[in-house]
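Participant: Supplied in structure tokens, the structure appears directly below.
Rule-based calculations on the coordinates, nothing more; no lab input. It should be emphasised that the depicted structure is a prediction, and the values quoted were computed from it without experimental measurement. FYI the Cβ positions are ideal-geometry reconstructions off the backbone, even for glycines, and counts take in every protein chain you see.
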Amino acid sequence: MTATTDGSAEAVGPRAAAASTTHIAGELEASAAAAAERSVRHLLGRQDAEGWWKGDLETNVTMDAEDLMLRQFLGILDPETARAAALHIRGGQLEDGTWATFYGGPGELSTTIEAYVALRLAGDLPDAPHMARAAAWIRDRGGIAGARVFTRIWLALFGWWRWEDLPQLPPELIFLPSWFPLNIYDFGCWARQTIVPLTVVSAKRPVRPAPFTLEELHTDPARPNPPKPLAAAASWDGFFQRVDKALHLYHKVAPRRLRKSAMNVAARWIIERQENDGCWGGIQPPAVYSVIALHLLGYDLEHPVMRAGLASLDRFAVWREDGARMIEACQSPVWDTCLATIALADAGVRPDHPALVKAVDWMLGEEIVRTGDWAVRRPGLQPGGWAFEFHNDNYPDIDDTAEVILALRRVKHPDPARVDAAVARAGRWTVGMQSKNGAWGAFDADNTSAFPNRLPFCDFGEVIDPPSADVTAHVVEMLGYEGFADHPRARRGIEWLLGEQEPFGAWFGRWGVNYIYGTGSVVPALTAAGLPHAHPAIRRAVAWLESVQNEDGGWGEDLRSYRERQWVGHGTSTASQTAWALIALLAAGERESEAVRRGVSWLVGTQREDGSWDEPYFTGTGFPWDFSINYHLYRQVFPLTALGRYVNGEPVLYGPRGA
């Protein structure tokens, strides 16, 4: 199949072998090819004129609520923004009055509190039925006192919670050397960029009185801040609770010069990491807290740093046709573009097609060739690689870099030397970011300290970046296709992956939900690295995938699988998760199996007339369970990849091992 530049497709026949001898199999292959053709048209039609793709990145309403609270704190909340945000927030409320963190999930206390506060700021009255239901549910779950630390920090900004009752992280943390426990580089890059500005906020303890109280959200308004019992002194939790108490005492006696110096160094650290587009790390939370911290340090809203920061936050807004305004936690153009390129190439779009060449040109222009924070753990390593977002030069990530290389190698670019040079730089950087255990994390090497997660301050999501099976798999797959499957670094990665397989045959998914994603990542990597289909690890993975296939032929896994064993491999069938399972099974040589036929039939049968798929379920993760993501392009790129590989066979790559 090839496609024209205007998005139409010409059926010129698949590259796959002749149709199966059975009539049913032949019909399925024809249906799959037609579905892939429709999907190609749809995806080509979504490409930006500059060459990139980007789907909406949907998370939960805390992004919208915190955006309103930030604007209220800075005194710039306007009626139109409040109205549009409230329209979106109200639309996500469940029947019991709560807000969940993912589609189909249960109500979550902190999310519900933040949504409630945002609606109050937008003018919703507490005695309105939807507000009363939310408040009653909040009180039944312990009220504000039961919320996570980050929620209570937001409330403290307005006097709804006492700063004295929040965990402390002093700005003097910025002075700790990189070898010292709990230095800022012990935290994952997303946590590091958030914690540094929050140390300033925690030291300043600002209060900008709100226009209303929140007494209705306390279980006992006369005693809103009940003390929490101390854990046993001999435990790590007890130790860090007592450290926190000591830090509260230190706050009262901290030498003024030292504290001022620490906050100035923190400000310089923040400003040095502001990206060209004004954001920090390409993600919303660090940008929000950086703006607050700098404002507290005397940067007025007209300062260039502040103007650029606020403008970057506006770019996270997605305006709906009904006038609602949704805030993205971040944007994923590099990730979406490399996945779209892979999908189109595997579906048979010719490798020199203008759309693919344009995508490669754009990706090459996004290569990061400057040193970032990763160099603290890997000094001397030469830069090269890609980030997830439009602008995030301080934090390229290993996952994007591996997938971009796989995408580049699928395209016949008119300047192959330019592609080879970028791949060589990125490959060296990726290999150099291998952790001591032989695996790869997302942003840093050996970011595995056990201490940050123990801090009372860090009660929400992952704050470190240890190696994961899915990222390691993508690197191993890339190295396999680059001809380095037998390199000692690749062999160590393979050995680590084999050791990480669960007894039931799957791999844990760190950045996608969950064991289906992990398994869908690892099996193609192992076969690309030369493991035979008969290898016991691959056979166990195949058996597990077949055992969790839904009756309708698809696959699905609920986010609750991160906490509850009965959900592992189970959930409503989704397009992206069905595709992940099929990609693994096809890589394992199972093309003619009943499981693959049923899965392909499900994808074909659920495709919309325009070539797209619908998927309200969240199949991506920021933090497993705590912060979930619905990548709106996942439902398009992964099904097309699976259908393309079913119709056309193994991917064709152009490079050291390719054609």
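Participant: Charges only on Cβ, +1 for Lys and Arg, -1 for Asp and Glu: so what's the dipole of region 75-231 about the Cα centre, in debye to the nearest 20? Walk me through the numbers before you get to the answer.
Facilitator: Numbers: 15 positive and 16 negative charges, 63 e Å.
For region 75-231, the charge dipole is close to 300 debye.
Participant: Quick one: compute the contact order of region 385-424, relative version, from alpha carbon pairs under 8 angstrom and 6+ residues apart, as a percent.
Facilitator: Working: 23 pairs, mean separation 11.8, N = 40.
In percent, rounded to a whole number, it is 29.
Participant: So, by mean Cβ neighbours within 10 angstrom, what's the order for 250-257, 451-458, 376-383 with the highest one leading?
Facilitator: Details: 250-257: 10.6, 451-458: 19.5, 376-383: 13.5.
Descending mean neighbour count gives 451-458, 376-383, 250-257.
Participant: So if I place +1 on the C-beta of Lys and Arg and -1 on the C-beta of Asp and Glu, and nothing else carries charge, what would the dipole magnitude of the chain be about its Cα centre? I want it in debye, nearest 20.
Facilitator: On the way: 63 positive and 81 negative charges, 430 e Å.
Dipole about the Cα centre, nearest 20: 2060 debye.
Participant: Name the residue farthest towards the positive end of the dipole of the chain from the options 529, 97, 427, assuming +1 on Cβ of Lys and Arg, -1 on Cβ of Asp and Glu, about the Cα centre.
Facilitator: 427
Participant: Additional query: Taking a cut-off of 20 Å between Cα atoms, list the lysines near residue 412, but don't count ones fewer than 8 places away on the same chain.
Facilitator: Leaving aside lysines fewer than 8 places away in the same chain, those within reach of residue 412 are 358.
Participant: Compute the convex hull volume of the Cα atoms of region 316-451, divide it by the residue count, and report the result per residue in Å³ as a whole number. Please list the in-between numbers first.
Facilitator: Values: hull volume 19.3 nm³, N = 136.
Hull volume over Cα atoms, normalised by residue count, gives 142 Å³.
Participant: Taking N as the number of residues in region 376-477, what value does Rg over Cα atoms divided by 2.2 N^0.38 Å take?
Facilitator: On the way: Rg = 15.2 Å, N = 102, 2.2 N^0.38 = 12.8 Å.
Normalised by 2.2 N^0.38 Å, the Cα Rg of region 376-477 equals 1.19.
Participant: If you average the C-alpha positions of region 360-402 and of region 411-461 separately, how far apart do those two centres end up, in angstrom?
Facilitator: Each part reduced to its Cα centre gives a spacing of 9 Å.
Participant: Still on this structure: Measuring from centroid to centroid over Cα atoms, what is the spacing of region 527-601 and region 475-495 in Å?
Facilitator: Result: 23 Å between the Cα centres.
Participant: With a/c under 1.5 counting as rounded, go ahead and sort region 262-376 into rounded, prolate or oblate using the C-alpha gyration tensor (a ≥ b ≥ c being the square roots of the eigenvalues; past the cut-off, prolate if a/b is larger than b/c, else oblate).
Facilitator: Working: a/c = 3.24, a/b = 1.73, b/c = 1.87.
Note, shape of region 262-376 comes out oblate.
Participant: How far is the Cα center of region 25-98 from the Cα center of region 275-318, in Å?
Facilitator: Cα centroid to Cα centroid, the span is 22 Å.
Participant: Rg/Rh for region 364-407: what does it come to with C-alpha atoms and Rh from Kirkwood?
Facilitator: On the way: Rg = 10.0 Å, Rh = 10.6 Å.
We get a ratio of 0.94 for region 364-407.
Participant: Using only alpha carbon pairs under 8 Å that are at least six residues apart, calculate the relative contact order of the chain and give it in whole percent.
Facilitator: Relative contact order comes out at 17 percent.
Participant: Two decimals, Cα atoms only, Kirkwood Rh: what is Rg/Rh over region 118-264? Intermediate values should be presented prior to the final figure.
Facilitator: Values: Rg = 17.8 Å, Rh = 17.4 Å.
So for region 118-264, dividing Rg by the Kirkwood Rh gives 1.02.
Participant: Here's something else I'd like to know. Efficiency by 1/(1 + (r/R0)^6): what FRET value for residue 220 and residue 320, r their Cβ-Cβ distance, R0 = 41 Å, to the nearest 0.05? Please report the intermediate quantities before stating the final value.
Facilitator: Details: r = 40 Å, r/R0 = 0.97.
That gives a FRET efficiency of 0.55.
Participant: Shifting gears a bit: Helix-only estimate, please: 222 nm mean residue ellipticity of the chain, summing -39500 (n - 2.57) across DSSP H runs of length 4 or more and dividing by its residues, to the nearest 500.
Facilitator: Result for the chain, helices only: -15000 deg cm²/dmol.
Participant: Over region 194-302, how many percent of alpha carbon pairs lie in each 10 Å bin up to the one with the longest distance?
Facilitator: Answer for region 194-302: a P(r) of 12, 29, 32, 24, 4, 0 percent.
Participant: Follow-up question, since we're still on this one. If each residue's Cβ is checked for other Cβ atoms within 10 Å, how do 189, 338 rank with the fewest at the top? Working shown, then result.
Facilitator: On the way: 189 25, 338 28.
Ordered by Cβ neighbours within 10 Å, fewest first: 189, 338.
Participant: Further question on the same structure: Pull out the extension gain between residue 533 and residue 303, defined as 0.36 nm times the separation in residues minus the alpha carbon to alpha carbon distance; nm, one decimal. Display every interim value, and only then the final one.
Facilitator: On the way: separation 230, 0.36 × 230 = 82.80 nm, distance 6.01 nm.
Residue separation times 0.36 nm, minus the Cα-Cα distance, leaves 76.8 nm.
Participant: Across bins of 10 angstrom width beginning at 0, how are the C-alpha pair distances of region 541-659 distributed, in whole percent?
Facilitator: 13, 43, 32, 11, 1
Participant: So, one more: Only four residue types carry charge here, +1 at the Cβ of Lys and Arg and -1 at the Cβ of Asp and Glu. Report the dipole size of region 210-361 about the Cα centre in Debye, rounded to the nearest 20. Working shown, then result.
Facilitator: Details: 17 positive and 18 negative charges, 225 e Å.
Rounded to the nearest 20 debye, it is 1080 debye.
Participant: How much length would be gained if the chain were fully extended between residue 420 and residue 565, taking 0.36 nm per residue of separation minus their Cα-Cα distance, in nm to one decimal? Display every interim value, and only then the final one.
Facilitator: On the way: separation 145, 0.36 × 145 = 52.20 nm, distance 4.47 nm.
Additional length available on full extension: 47.7 nm.
Participant: Using a 10 Å cut-off on Cβ atoms, rank the peptides 347-356, 194-203, 565-574 from the highest mean neighbour count down. Walk me through the numbers on the way to the answer.
Facilitator: On the way: 347-356: 20.3, 194-203: 23.6, 565-574: 18.6.
Top of the packing list down: 194-203, 347-356, 565-574.
Participant: Right, another one. Classify region 67-123 as rounded, prolate or oblate from the Cα gyration tensor: take a ≥ b ≥ c as the square roots of its eigenvalues, call it rounded if a/c is under 1.5, otherwise prolate when a/b beats b/c and oblate if not.
Facilitator: Judged from the Cα gyration tensor, region 67-123 comes out prolate (a/c at least 1.5, a/b above b/c).
Participant: Just to verify a number: FRET efficiency for residue 149 and residue 450, C-beta to C-beta distance, R0 = 22 Å, to 0.05? Kindly include the intermediate steps, with their values, before the conclusion.
Facilitator: Values: r = 19 Å, r/R0 = 0.87.
That pair, residue 149 with residue 450, gives E of 0.70.
Participant: Angle, helix 594-606 long axis vs. longest principal axis of the chain, Cα atoms, 0 to 90°, nearest 10?
Facilitator: 70 degrees
Participant: Using the basic label-point model (7 angstrom from Cα toward the beta carbon), what is the residue 370 to residue 243 distance in nanometres?
Facilitator: Between residue 370 and residue 243, the label points sit 3.3 nm apart.
Participant: Please give the helix 333-346 orientation as an angle from the longest Cα principal axis of the chain, in degrees from 0 to 90, rounded to the nearest 10.
Facilitator: So the inclination is approximately 10 degrees.
Participant: Sort 332, 31, 435 so the one with the fewest other Cβ atoms within 10 Å of its own Cβ comes first.
Facilitator: Ranked by crowding around the Cβ, least crowded first: 31, 435, 332.
Participant: Going by a ≥ b ≥ c, the root eigenvalues of the Cα gyration tensor, does region 480-567 fall in the rounded group (a/c under 1.5), the prolate group (a/b larger than b/c) or the oblate group? Before the final figure, lay out the partial values.
Facilitator: Working: a/c = 2.26, a/b = 1.80, b/c = 1.25.
Prolate is the answer for region 480-567, as a/c is 1.5 or above and a/b outweighs b/c.
Participant: I need the calculated FRET efficiency for the pair residue 547 and residue 265, taking r as the beta carbon distance and R₀ as 56 Å, to the nearest 0.05. Mind dumping the intermediate values first?
Facilitator: Details: r = 55 Å, r/R0 = 0.98.
Calculated transfer efficiency: 0.55.
Participant: Less than 19 Å apart at the alpha-carbon level, and either on another chain or at least 8 residues along: which aspartates and glutamates does that give for residue 228?
Facilitator: 140, 164, 165, 220, 237, 244, 459
Participant: Can I ask one more? Among 429, 53, which comes first, then next, by fewest other beta-carbon atoms within 10 Å? If you can, show how the numbers build up before the last one.
Facilitator: Numbers: 429 21, 53 27.
Fewest-to-most Cβ neighbours within 10 Å comes out as 429, 53.
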